[in-house]
Amino acid sequence: MGEALAAGAELSCGLCGHRFDPRGTSACASCPLGKGCSLACCPNCGYGAPVPGGSAVVRLAARAAAALRGRRGVSAPSGPTLAEAAAGSQATIETLERVPARQREQLLAYGIAPGRVVDVLQTRPVTIVRIEHAELAFETAVSRGIGIAEPSEGGRQ
Amino acid sequence: MAGCKGCLTFWAMGCHAASDLVEPVSSPLDEIVLVGHSNVGKSVLFGRLTGRYVTVANYPGTTVDVSRGTLRAAGGAVVVDTPGIVGFPARSEDERVVSRLLLDGGARTVVQVGNARGVRRTLDLTLQLLELDVPFALVLNMSDEADAAGVRIDPERLSELLGVPVLPTVATTGTGVDELAAAVSAAPTARAEVAYPAPVERAIATLMDAVGELGVSVRGAGLLWLGGDEEAQLCLERHVPAGFLTALRAEAEQALGEPVEAVLQRARASRASELVAEAVEQEDRPAGGTLEWLGRLSTHRVWGWPVLVAVLAGIYMFVGVLGAGWLVGVLENSVFGRRVNPWLTTEVARVLPRFATDLLVGNYGLWTMGMTYALALILPIVTTFFLAFSVLEDSGYLPRLAVVSNRVFNTLGLNGKAALPMVLGLGCVTMATLTTRILESRRERLLVTLLLVLGIPCSAQLGVVLGMLGAISLAATLIWAGVVAAVVLTVGWLAARVVPGERSPLVIELPPLRVPRPANVATKTLMRLEWYLREVVPLFLLGTAFLFMLDETGVLPAIIDGMRPLVTGWLGLPPAASAAFLIGFLRRDFGATGLFVLHAQGQLSAEQAVVAMVTITLFIPCVASILIIVRERGLRQAVAMTAIVFPLAFLVGGLLHRALTVTGLGA
């Protein structure tokens, strides 16, 4: 219990408001269900409070939600990315700053640079774009790092 | 095969050690180097210029080493074909080959081969190459495809702007090749007029003062280095004090306020755009057509898989049913079994003494075993496979396979690009090991090499397996394929977690799907068959002679007896299978053929056939592949792989024998 909590972090009891270090709750050591338990019992009132990050199920659900958000591209911190552009649209590249350096060099070598317009041909299972009659396929992990201007519909095919 | 004969040690002078010097080049006309992006037709052009054929295909990375030939047209100059590059800085091993070659300081003419359809990208590289201050000519290849796509280039205007010859060609038909051969003899040196910001020019000027003579343009090498090219850095580091380059870059970046690579790229892109605006017109043409539709289908998230299944089914029907089934049946039974071998055995026995008769036509006879295996069993299989594979290569499907399979390779810590060497491994694992150079990191090259030697059967073995297990039942083939795939995936998954380093995401160019040219398919197939006959037949004969000598001296029965606990006790196979495993150490397809014959003679049950084929499939492919792994990955890794693969093969075979016995599937 409490293993997922950062060292020194305190919990506030939801019932009595008492603040305590969940790793120091003496009752847990003697509890037969203590191993793997994601709750911490308040030493003041005995109320069981969930430890943030303590539940494997919650962590799994959070990871799945993050992955889903990532796929939809809604986790992009600023502006739309190529991962969000629809197949068949055109996109104007604005930035490659969030693309890993090695892949950025590759994209630049193909002419995918700020200001250039690409035709988005496909988005799954990888992104495929056409630039100047050359087709380039790259993973969503890369297209998520490519910032674009607002996509327009009806790109050339 | 072409490419593997090229030697990396002929680079001379300049940035490379004197020990590398083999053939110094005295005049630019003595050597002409073809440089360019991947998949633009350099190797086809090389063939046109020299009359020498190197493997060409419709996917990037076909050439991973340099090839040399003599120019047919004039003066006997040497023409060098180089691996295609994505651009500078060089990233993968094959790109470094080009970078090193350009920086070695030898006097030579550089001919850039570019794709006329992607002229802006071509010009970006042109500007980098012109900075090296070498005699230069630009070839705009595939100009027929550019015409079809509505790209109108004015070569005269472009030539005027660049100050070098610009020649449109169609290498596959030979259009423009004679003009090129004439133009290279007078190729001028021109300076790229790219306007770099003052801090970049200051850094280059400082570098030129510090370096002095380099044997190659210091400005060109310096700009490559500033662009992040590690080969250029290695080259310059030999001429300046330690820390000089780091300080110079830091100073330039401080003045620019951003990474210098980005500044250089932007400046070149801007100049390339100006050139395009002056010399290129783009007509709007409706895209589409059946091939483009097929191309889309083959990378579709859902339909990509049925397309893959259809391709595999087609290969199975052509190689497994037609080659390994019908053709092998005709040759083995009708031609060799009933006519050639009985006649030869009688004639030889009549003329030669017993020892010579046994050596030629006995149980382990050079003809009755070595040549019969090579010509009656393997040759029809590899012929059909090479034909099918050449069609697949030229169609441009293979890079699309990389897209479809990317997710599978993701679980192995790789990206879909690994599919290219893996599929090439179905043709020849030795050549595929060389092709791992197209992968970007040492880690990826190591992982793919391990998977290649472990579980990718080469064409000959695949044909034997399909022919033998296909004749038993579909279930037998599926069990073999399932077990081998499971072992490859498990070992790959584990290795990806043990070998340090990170997976790199997939970035790959997709060439247009094309209808394969029959002449190219036929040439490639014949070339590969020639390689097969030259490399494989001697090994088959050597292996047969080895077995014959062991048999004659009484050692073979002792070895078979010694291997009994492993072969009979652990794998549950008859003792005679030991001889097949013994020659399997030399070439696993040779061993597989021995097992094929045992099965044909009724000495192996269905269950034993599956166990034997799984075991030998997991062997190291052949002696040649071990040698190439030593060359590419080093002795330690080659020894480590061998030490893993052989015990694992027997372990999996024994476990499968027990699993089939317990479940009753083997019956």
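The values are calculated or read from the model by the stated rules, or taken from the named source; none is laboratory data. Since the model is a prediction, treat every value here as computed from it, not as a measurement. Counting neighbours? That spans all protein chains shown, and the Cβs are built from the backbone with ideal geometry, glycine included.
Confirm whether residue B:255 is touching a residue at least 40 places away in the same chain (Cβ under 8 Å) and not assigned by TED's automatic domain parsing to the domain that holds residue B:147. Yes, satisfied. Here A:80, A:114 are screened, and the one residue that is at pLDDT 70 or above and within 14 Å of chain B (Cβ to nearest Cβ) is A:114.
The condition (being more than 21 Å from residue B:512 (Cα to Cα), at pLDDT below 90 and more than 12 Å from every other protein chain (Cβ to nearest Cβ)) is satisfied by just one residue among B:132, B:162: B:132. Can you say whether residue B:223 is in contact (Cβ under 8 Å) with a residue 60 or more places away in the chain, touching a strand residue (DSSP E or B) at 6+ places or on another chain (Cβ under 9 Å), part of a helix (DSSP H, G or I) and not hydroxyl-bearing (Ser, Thr, Tyr), as far as the supplied structure shows? No: the conditions fail for residue B:223.
With respect to the stated conditions, residue B:521 is in a helix (DSSP H, G or I), away from chain A (no Cβ under 14 Å) and under 17 Å from the mean Cα position of the chain (by Cα).
Where helices (runs of 4 or more DSSP H) fall entirely within the range B:395-447, those with at least 3 residues that are more than 14 Å from chain A (Cβ to nearest Cβ) and in contact with a Ser or Thr (Cβ under 7 Å, 6 or more places away or on another chain) are at B:429-435. On the stretch given as the range B:263-295, residues that are at the interface with chain A (Cβ under 8 Å from one of its Cβ atoms), surrounded by fewer than 19 Cβ atoms within 10 Å (Cβ to Cβ) and within 33 Å of the chain's Cα centre (by Cα) total 2.
Scan the range B:504-515 and tell me whether some residue there is at pLDDT 85 or above and away from chain A (no Cβ under 14 Å). Yes, some residue in the range B:504-515 is at pLDDT 85 or above and away from chain A (no Cβ under 14 Å).
Scanning the range A:118-142 for residues that are at the interface with chain B (Cβ under 7 Å from one of its Cβ atoms), in contact with a Ser or Thr (Cβ under 9 Å, 6 or more places away or on another chain) and assigned to a loop (DSSP other than H, G, I, E, B) gives A:124, A:125, A:126, A:139.
Evaluate the range B:98-117: report whether one residue or more is of a type in the set (A, V, I, L, M, F, W, C), within 12 Å of chain A (Cβ to nearest Cβ), under 20 Å from residue B:39 (Cα atoms) and outside any loop (DSSP other than H, G, I, E, B).
yes
Would you point out which residue out of B:409, B:389, B:385 is aromatic (Phe, Trp, Tyr) and farther than 25 Å from residue B:527 by Cβ?
B:409
Keeping to the range B:86-97, report how many residues are over 30 Å from residue B:149 (Cα atoms), of a type in the set (D, E, K, R) and within 12 Å of chain A (Cβ to nearest Cβ). Total meeting the criteria: 1.
Being outside any loop (DSSP other than H, G, I, E, B) and either in contact with a Phe, Trp or Tyr (Cβ under 7 Å, 6 or more places away or on another chain) or in the same structural domain as residue B:140 (by TED's automatic domain parsing) (or both) is a property that does not hold for residue B:231.
Every condition in (1) farther than 25 Å from residue B:531 by Cβ; (2) in contact with a Leu (Cβ under 8 Å, 6 or more places away or on another chain); (3) buried (at least 22 other Cβ atoms within 10 Å of the Cβ); (4) not aliphatic (A, V, I, L, M) holds for residue B:399 except the one numbered (1).
With respect to (1) of a type outside the set (Asp, Glu); (2) within 30 Å of residue A:124 (Cβ to Cβ); (3) surrounded by fewer than 18 Cβ atoms within 10 Å (Cβ to Cβ), the lone exception for residue B:315 is condition (3). Here is the figure for the range B:178-233: residues that are of a type in the set (Lys, Arg) and over 23 Å from residue B:272 (Cβ atoms) total 1.
Of all the residues in the range B:606-627, those that are over 21 Å from the mean Cα position of the chain (by Cα) and in a strand (DSSP E or B) number 0.
Remark: pairs (first residue in the range B:639-654, assigned by TED's automatic domain parsing to the domain that holds residue B:449; second residue in a helix (DSSP H, G or I) and among the basic types (Lys, Arg); Cβ separation under 9 Å; 6+ apart in sequence or on different chains) = B:641/B:633.
In the range B:342-369, the qualifying residues are those that are assigned to a helix (DSSP H, G or I) and among the small types (Gly, Ala, Ser), and the one that is farthest from residue B:593 (Cα to Cα) is B:349.
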